[in-house]
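J.: Before anything else, here's the structure in question.
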Amino acid sequence: KAGVTQTPRYLIKTRGQQVTLSCSPISGHRSVSWYQQTPGQGLQFLFEYFSETQRNKGNFPGRFSGRQFSNSRSEMNVSTLELGDSALYLCASSWMGEETQYFGPGTRLLVL
Amino acid sequence: AQTVTQSQPEMSVQEAETVTLSCTYDTSESDYYLFWYKQPPSRQMILVIRQEAYKQQNATENRFSVNFQKAAKSFSLKISDSQLGDAAMYFCAYRSADGGSNYKLTFGKGTLLTVNP
């Protein structure tokens, strides 16, 4: 089976812009979770989607949003980018959510 | 809220030797899962090993094994016969299993492992 894929792998944006990141889970997996990784805060949970519904949300401002499509692919959007949004964004998938999560390679976002 | 603590920011080991990475966690839940993930320089997060809290037997995956002490809330990772490819950042992670649908992973800050030839 192909692993979790994320696009794009690298992204450079300027403050105030918005960005959309994409994640395709392992075939058959219906749960997709997003995490932000920064040197200062470490790995933090953003949100989790299952069957097109957001089930859980971490402690992030409303500028961070996401959605999941009927084929389980997920996107996350960050609006009005700030310098502090520079991070590695990791997507993870699992079959129903309660099993082991498998991670994609991440999207590295740099906000200038 | 659950917390995960990795008290060793960096560790080093000689090739072919054994090293143990420490992890402690805090939770009031009785049922949960613990994981060790490895993140090499490529930044791809790779599952190393998983432990179910209700199982008393320590998990083992080839050269990787854990020492799970539920009462002490301790979950250490032992790497035997260390190889150069084991060099990476290692993260300990916790996930609830007590009903509901909160399946988020809570991570420690990580331990950077260096393997010396």
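The values are calculated or read from the model by the stated rules, or taken from the named source; none is laboratory data. Only a predicted model underlies this, so the values are computations on that prediction, with no experimental measurement involved. Backbone-built Cβ (ideal geometry, glycine too); neighbour counts: all protein chains shown. Side chains are part of the model used for accessible areas, which takes the heavy atoms of the whole protein and leaves out ligands, DNA and RNA. Shrake-Rupley method; radii C 1.70, N 1.55, O 1.52, S 1.80 Å.
J.: Can you say whether B:A16 is more than 11 Å from chain A (Cβ to nearest Cβ), of a type in the set (A, V, I, L, M) and either in contact (Cβ under 8 Å) with a residue 40 or more places away in the chain or out of contact with any Phe, Trp or Tyr (no Cβ under 6 Å at 6 or more places or on another chain) (or both), as far as the supplied structure shows?
T.: In short, yes.
J.: Checking A:Y35 against (1) more than 14 Å from chain B (Cβ to nearest Cβ); (2) in a strand (DSSP E or B), which test does it fail?
T.: The single condition A:Y35 does not satisfy is (1).
J.: In region A:70-79, how many are hydroxyl-bearing (S, T, Y), under 18 Å from A:Y35 (Cβ atoms) and open to solvent by 10 Å² or more (accessible area, probe 1.4 Å)?
T.: Number satisfying all stated conditions: 1.
J.: Please go through region A:46-95 and pick out each residue that is assigned to a strand (DSSP E or B) and away from chain B (no Cβ under 14 Å).
T.: A:F64, A:S65, A:R67, A:Q68, A:S74, A:E75, A:M76, A:N77, A:V78
J.: Now for a separate question. Would you call B:E52 open to solvent by 70 Å² or more (accessible area, probe 1.4 Å), over 21 Å from A:C91 (Cα atoms) and either touching a residue at least 12 places away in the same chain (Cβ under 8 Å) or under 13 Å from the mean Cα position of the chain (by Cα) (or both)?
T.: No, not satisfied.
J.: Right, next: Taking the stated definitions as given, is A:I26 modelled with pLDDT of 95 or more and not in a strand (DSSP E or B)?
T.: Criteria met by A:I26.
The rows are residues; the columns are (1) touching a Pro at 6+ places or on another chain (Cβ under 8 Å); (2) farther than 29 Å from A:S31 by Cα; (3) among the acidic types (D, E).
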| position | (1), (2), (3) |
| --- | --- |
| B:T3 | no, no, no |
| B:A16 | no, yes, no |
| B:Y32 | no, no, no |
| B:W36 | no, no, no |
| B:P41 | no, no, no |
| B:E61 | no, no, yes |
| B:T111 | yes, no, no |
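J.: Identify the single condition in (1) over 20 Å from B:L47 (Cβ atoms); (2) open to solvent by less than 20 Å² (accessible area, probe 1.4 Å) that A:E82 does not satisfy, given that it satisfies every other one.
T.: Against the list (1) over 20 Å from B:L47 (Cβ atoms); (2) open to solvent by less than 20 Å² (accessible area, probe 1.4 Å), A:E82 comes up short only on (2).
J.: Here's another thing I want to ask about it. Confirm whether A:R9 is away from chain B (no Cβ under 14 Å), of a type in the set (K, R) and either open to solvent by 10 Å² or more (accessible area, probe 1.4 Å) or closer than 20 Å to B:R50 by Cβ (or both).
T.: Against the criterion (away from chain B (no Cβ under 14 Å), of a type in the set (K, R) and either open to solvent by 10 Å² or more (accessible area, probe 1.4 Å) or closer than 20 Å to B:R50 by Cβ (or both)), A:R9 does not qualify.
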